[in-house]
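First comes the structure, then the notes that go with it.
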Amino acid sequence: MGTLSPANSAPPRDGVLDGFRVVLAVMVLALHAGSEAVGEGAYLTVNGLFRIAVPVFFIMNGYYFSKACTSRATFLSWLKKAAGIYAFWMVLYLPCYLHPQALSGMTAWAMLFATVVMGYHHLWYMSGLICAGILLYCLRKQASARLAAMAAILFVMGVCLQYCRVYHNFSSSLLQNIVALNWMSRNFLFFGFPFLCAGFLIARHAWRPRSRAAMVSVAAAALLLVLLEAHANYLLQGATKKGFDMVFALALAAPACFMAALHAPPHGSMLASRMSSAVYFIHPACLALGVYWGWQDWGSLTLAGLFLSLLASLPLMLLARRWRYIL
């Protein structure tokens, strides 16, 4: 998706970052289309390579978030826009999570409340971005070393929770059910804040690689580590393969991919940035439509979902010119 910036603030475009956003949005679409795909190749892609997308989105938003921290007014402008986008899409997807059984019984009400707070499906990203942004704004004056240490500790805790969910059986069924919830690790604290903080620190210290070729090599090596970790998880599990939102290698791969793209010449396209946001937000509806029309296998569903998402992105981008809380 695109990056949020305060109202009336137009950050300079950063080369291939805008095009990179579109590639990442397509990765998220393909990831969701292949959630039921089987086989080692599908597992390595869905639970390995494509998992790079959301962390890099957080890093990109953290990179521009430094501009939102220049004053209380610019931060509130950033927060207002982020909250507006989240509210708009949560309302749009309301029929997907608000149904009669969601209004019967305390457990159903609790799950509905959790969905509203944590975000429906892919919208957890916006919830995580808002809460991580608030936390980072409160900590913005802390030393970089302290921020980096906090981010690293929280990320490791989140990944460890993921591994516990997959490999450990707790004696308490209640604890087992709690750990099994995706949003116990995939949230603003363990996922959003560490990567948002990484982008913030890159902007604070104006870090840019001296050699793009060297940075691309580092990014390629880091992506290989992501695939190797996913391969290990595939081999270590039994017949039932559980997915991973977070793996340890993302701590290196996500910043490396971002830094490699950041080295590009300083030009870009706001159109590409907005298109990435449109594809990200609308793709679950397009995938559902593709399934309804009969596309079931991963490849055809991905292509159908991408075509429909790109088609739907055109009116969304036009509407976003008038109502900025759409994208």
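Rule-based calculations on the coordinates, nothing more; no lab input. Here the structure is a predicted model, which means the values were calculated and not measured. Every residue, glycine as well, gets a Cβ built from its backbone with ideal geometry; the counts of neighbours run over all protein chains shown.
Partners of Lys80 within straight-line reach, counting aspartates and glutamates whose Cα lies under 12 Å from its Cα and excluding those fewer than 8 residues away in the same chain: none found. In the range 17-320, Cα pairs under 8 Å separated by at least six residues give a relative contact order of 31 percent. By the count of neighbouring beta-carbon atoms within 10 Å, fewest first, Cys160, Cys69, Cys138 end up ordered Cys138, Cys160, Cys69.
Note: the range 181-288, Cα convex hull, 147 Å³ per residue. For Lys241, the aspartates and glutamates whose Cα falls under 15 Å of its own Cα, not counting residues fewer than eight places away in the same chain, are Glu36, Glu40, Glu229. By a straight-distance test (C-alpha under 25 Å), which lysines pair with Lys81 as possible cross-link partners, with residues fewer than eight away in the same chain excluded? Cα-Cα hits under 25 Å: Lys67, Lys141. With contacts taken as Cα pairs under 8 Å at a separation of at least 6 residues, the range 23-134 carries a relative contact order of 21 percent. Each Cα pair under 8 Å and six or more residues apart adds its separation to the average, and for the range 103-254 the resulting relative contact order is 27 percent. Provide, for q = 0.11, 0.14 Å⁻¹, the log10 of I(q)/I(0) from a solvent-free Debye sum over equal Cα point scatterers in the range 17-320. Calculated log10 I(q)/I(0) at the listed q: -0.70, -1.21. Rounded to whole numbers, the Karplus 3J(HN,Hα) couplings from phi for the range 104-119 are 10, x, 5, 4, 5, 5, 5, 5, 5, 4, 4, 5, 5, 6, 8, x Hz, using 6.51 cos²θ - 1.76 cosθ + 1.60 with θ = phi - 60°, and x at Gly and Pro. Loop-located trypsin sites (Lys or Arg not before Pro) in the range 87-151 (DSSP state other than H, G, I, E, B) with a sparse environment of at most 10 neighbouring Cβ atoms within 10 Å: Lys141.
By the count of neighbouring beta-carbon atoms within 10 Å, fewest first, His283, His32, His168 end up ordered His168, His32, His283.
With the radius of gyration and the Kirkwood radius both derived from the Cα set of the range 122-218, what is their ratio Rg to Rh?
1.08
For the chain, the 222 nm mean residue ellipticity estimated from helices alone, with every DSSP H stretch of n ≥ 4 adding -39500 (n - 2.57) and the total spread over all residues, rounds to -22500 deg cm²/dmol.
Cβ crowding within 10 Å, taken as a proxy for footprinting-reagent exposure, orders Ser104, Ser77, Ser273, Ser313 from fewest neighbours to most as Ser104, Ser77, Ser273, Ser313. Derived scalar couplings between HN and Hα for the range 136-142 equal 5, 4, 5, 9, 4, 8, 5 Hz in order, rounded to whole Hz, by the Karplus curve 6.51 cos²θ - 1.76 cosθ + 1.60 (θ = phi - 60°), x for Gly and Pro.
Can you check what the net charge comes to around Gln237, using other residues whose Cβ is under 14 Å from the Cβ of Gln237 (Lys, Arg +1; Asp, Glu -1)?
Counting the neighbours of Gln237, the net charge comes to +1.
Applying the Karplus relation 6.51 cos²θ - 1.76 cosθ + 1.60 with θ = phi - 60° to the range 56-71 yields 3J(HN,Hα) values of 5, 4, 4, 5, 4, 5, x, 4, 7, 5, 4, 5, 6, 8, 5, 7 Hz, where x marks Gly and Pro.
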